Amino acid sequence: MKYGNSTMLASARANFDRASVLLSDEFPSDLLQKLRHPKERSEFRLAPQFSDGKIHSIDAFIVRHSDAIGPCKGGIRMSPMVTLDDVTALAMEMTWKCALIGVPFGGGKSGIVADPLKLSPDDKQTLIRSFTRNARGNIHPLIYVPAPDMGTNERDMGHIKDTISYSLGCATTQGSYVTGKPIIMGGIPGRREATGRGVVLSTMEALTTLGGGLKGARIIIQGFGNVGAGAAETFVELGAKVVGVSDVDEAIYDANGLNVAALLAHVRKTNSLRGAGQGQVVSHDALLEMPCDVLAPCATANQITSKNAERIQAKIIAEGANGPTSPDADVILNQRGVYVIPDILCNAGGVFVSYLEYTQETQQEQMSREEVLIRMDKRMKDKFKLVHDTAKSRKLPTREAAMYLALRNVCSALIARGALP
Ligand code: NAD
C-alpha cells in the first residue's frame, strides 16, 4: 500500500508504534504489524450534476481499517482538504476508539473532497446522494456504517438513509445503515450533543482527579461546530466558565467568561462567530495559549505541536477533535505535567450513542433521551477511570495507556477469530 505524506497518518502511526511496543510481549509482531495498515481503501470519482446545470467531478474515499471486532464505524468528513491518507488515519483512530469504549464495531471513515460552506443545501443533498449511490456496496449494517463528521450533519445522514431505502424500493431499511440521523427517521435522542457532552464528562473526571471540579473552571474551546458548540453549552450548564472560543473565521477571549447562549444564537443566524460582538478578538494561534484551566481542541488535527506546546497554559487538554496533538507535542506536554485526555477516550461519546442508535434501529426499539444519557455518562466515566488507572499503574502517559487498552482488545479479537487464509 502506498501512502503520501499526511501529517495525520504519520501521527496516527507514531501513536500506534508507541502502543505496539507495550504489547510486544503479549502478541506476535506480525499480528501487531497487520494493524499498522488498513484492511481496505476505496476511491470514488463522483459526478453529481449541481443546480448550475454542470456535472462536477468530486473525489471521495472510504477506508475500512479493521473489522476484527465488528462492522467498521466512522463518520464522513466533507472538506476541500481531506485526503485518502487523512481518512486512513481517521479510520485507524476509529478502530482504537470503538475498542476502547467497548462497542462492537471496527474502524472506518469516509472523505468527500468538497467545501460544504460553498454548496447550496440542494447541491449538498445531490452530492451526498451521489456519494451514497457510488458507495452503495460499502455502506451496509454489517460492513461499514457512516455517521456525521466535520462538514456533514444529521440532515445528510437522513439523505443517506433515504437514498438506500429508495434504491431498495422500501419505505425504510432493515437494520442500521447509517447513524446520526434525524430522530423522525430512526435517529436517537441525545446523539447530536453526545460528543460534546462526552468531552465535558471526561473533563469533569480529569478535574476531579487533579483535585478540583468543573465549577468555575476556565475553558477555551477551539472549533464551534457540532462538538465544540455542544461542549460549550454543556460546560456552561454544569457551572464552568467558557473564556475563549474560535471557529474558522474568528477567535475571541474574555477572562470574565463569554455568553455562550448569545454566541450560539449568533452562529445559528450567521453561520460564523465573526461579528458576535463579545470579548476581545485574538489570533487563532494566540487563543490556544491564553490563560485557562482546560483547553478543548474541537476543530481539526495537528493544532498542538512542538511549536506551541511549551506555551500552552492549560493544565488539561480535552481532545474533542481527532488527532489535535502531534506526537512530539505529547512528549512536551507530558514533561510539563499537562493532563491529556486522548481523543479516543475524550470524543468517544458520539460513537457510543451511535452504537445505541444502531441497536435501537436493529431491534426496532425506542430509547428516551434520559436512558441514552444515563448509559453514556456511565460508560464515559468507567472508561475514563480505566484509562487513568492504567496510566498510573503502568506509569504511562494517558494516550499510551488508552492506546494500549484499545490495541490489546483488537489483538484479542484477532486471536479469537483465528487465522484465515
Ligand atoms: P463541524 O464541521 O461541525 O465543526 C468544525 C468547527 O471547527 C467549525 O466551527 C469550524 O469553523 C471550526 N474550525 C475548523 N478549522 C478551524 C481552525 N483551524 N481553527 C478554529 N476553528 C476551526 O465538525 P465537528 O463534527 O464538530 O467535528 C470537529 C472535530 O471533532 C473533528 O476533528 C471531528 O473528527 C471530531 N469528532 C466529531 C464527532 C462528531 O460526533 N461530530 C465525533 C468525534 C470526533
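Computed from the coordinates by the stated procedures, all read-outs in this text should not be read as laboratory data. Fair warning: this is a prediction, and the values are worked out from it, not measured in the lab. Virtual Cβ from ideal backbone geometry, glycine too; neighbours counted across all protein chains shown.
Each Lys or Arg adds one and each Asp or Glu subtracts one; over the other residues with Cβ under 12 Å from the Cβ of R218, this totals +1.
Footprinting exposure proxy ranking of C98, C170, fewest other C-beta atoms within 10 angstrom first, gives C170, C98.
Dipole of the chain, Cα-centred, from +1 at each Lys and Arg C-beta and -1 at each Asp and Glu C-beta, to the nearest 20 debye?
480 debye
Bridging of K54 to lysines at a Cα separation below 26 Å is possible for K118, K124, K161, once same-chain residues fewer than 8 apart are set aside.
Peptide packing: for 133-139, 245-251, the average count of neighbouring Cβ atoms within 10 Å per residue gives the ranking 245-251, 133-139, highest mean first.
For GluC sites (Glu not before Pro), the sites in the range 359-394 that DSSP calls loop and that have at most 13 other Cβ atoms within 10 Å are E365. Based on a Kirkwood Rh over C-alpha pairs, give the Stokes-Einstein translational diffusion coefficient of the range 191-325 at 10 °C and viscosity 1.306 mPa s in µm²/s. Stokes-Einstein gives a translational diffusion coefficient of 110 µm²/s. Considering only beta bridges that DSSP places wholly inside the chain, some 50 percent are antiparallel.
Multiplying each eigenvalue of the alpha-carbon gyration tensor of the chain by 5 and taking the square root yields semi-axes of 30, 27, 21 Å, largest first, rounded to whole angstroms. Here the residues D59, D122, D30, ranked from fewest to most Cβ neighbours within 10 Å of their Cβ, fall in the order D30, D122, D59.
Its relative contact order, with pairs defined as Cα atoms under 8 Å and 6+ residues apart, puts the range 40-187 at 24 percent. The range 16-56 and the range 103-157 have Cα centres lying 16 Å from one another. Label reach from A10 (point 7 Å along Cα→C-beta): in the range 329-367, amide nitrogens under 13 Å belong to 329. Number of Lys pairs in the range 192-346 with C-alpha atoms less than 29 angstrom apart, excluding same-chain neighbours closer than eight positions? Summing the qualifying lysine pairs gives 6.
Ordering E233, E400, E93 by the number of other Cβ atoms within 10 Å of each residue's own Cβ, fewest first, gives E233, E400, E93. Calculated from the alpha-carbon coordinates, the range 40-187 shows an Rg and a Dmax of 14.4, 47 Å respectively.
Over the range 112-229, one equal point on each Cα, no solvent: what is log10 I(q)/I(0) by the Debye formula at q = 0.10, 0.16, 0.17, 0.23 Å⁻¹? Computed log10 I(q)/I(0) values: -0.41, -0.82, -0.89, -1.33. Under the simplified labelling scheme, the S272-K385 pair shows an inter-label distance of 4.7 nm, with each label point 7 Å from Cα along Cα→Cβ.
Dividing the alpha-carbon radius of gyration of the range 128-173 by the rule-of-thumb value 2.2 N^0.38 Å gives 1.08.
Across the range 192-346, C-alpha contacts under 8 Å between residues 6 or more apart give a mean separation that, scaled by the residue count, equals a relative contact order of 23 percent.
With N set to the number of residues, divide the alpha-carbon radius of gyration of the range 1-51 by 2.2 N^0.38 Å and report two decimals.
1.67
Relative contact order for the chain: 16 percent, from Cα pairs under 8 Å spaced at least 6 residues apart, divided by residue count.
How large is the Rg to Rh ratio of the range 320-421 when both quantities use alpha carbon positions and Rh follows Kirkwood?
1.05
Of the peptides 412-419, 143-150, the order by per-residue mean of other Cβ atoms within 10 Å, starting with the highest, comes out as 143-150, 412-419.
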